[in-house]
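The structure appears right after this line, and notes come after that.
The values are calculated or read from the model by the stated rules, or taken from the named source; none is laboratory data. This structure is a prediction, so every number in the text was calculated from the model and none was measured. Note: ideal-geometry Cβ built from the backbone for every residue, glycine included; neighbour counts use all protein chains shown. The accessibility values were calculated without ligands, DNA or RNA, using every heavy atom of the protein model including side chains. Shrake-Rupley method; radii C 1.70, N 1.55, O 1.52, S 1.80 Å.
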Amino acid sequence: MPLTVRTTLCDIREDLHALRKVVAARGHIETIQAIDALIGVAELEAIRAIRRIDLGA
């Protein structure tokens with residue numbers, strides 16, 4: 001997989017975790033739960049994309 005794609009996926013994951021920390025500091029529980037769900041979906045989709053790209057390479 002090209003390094004730029006992996007880097008982009010990692011950057012997105014890190015940004016979501018950073019957003020979660022900011023929201024958590026403000027105590028917005030429902031928003032934290034929504035971000036956690038987004039993180040889960042994003043990580044699952046990233047894994048799938050990496051596998052497809054690696055298998056195609």
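Being of a type in the set (A, V, I, L, M), in contact (Cβ under 8 Å) with a residue 24 or more places away in the chain and open to solvent by 50 Å² or more (accessible area, probe 1.4 Å), is that true of even one residue in the stretch 12-35? It would help to see each step written out before you state the result.
Narrowing the stretch 12-35 to residues of a type in the set (A, V, I, L, M): 12, 16, 18-19, 22-25, 29, 32, 34-35.
Applying the additional criterion that residues be in contact (Cβ under 8 Å) with a residue 24 or more places away in the chain yields 12, 16.
With the extra rule that they be open to solvent by 50 Å² or more (accessible area, probe 1.4 Å), the set shrinks to 12.
Within the stretch 12-35, one or more residues are of a type in the set (A, V, I, L, M), in contact (Cβ under 8 Å) with a residue 24 or more places away in the chain and open to solvent by 50 Å² or more (accessible area, probe 1.4 Å).
When the test is whether a residue is within 19 Å of T4 (Cβ to Cβ) and either at pLDDT 90 or above or assigned to a helix (DSSP H, G or I) (or both), R20 does not pass it.
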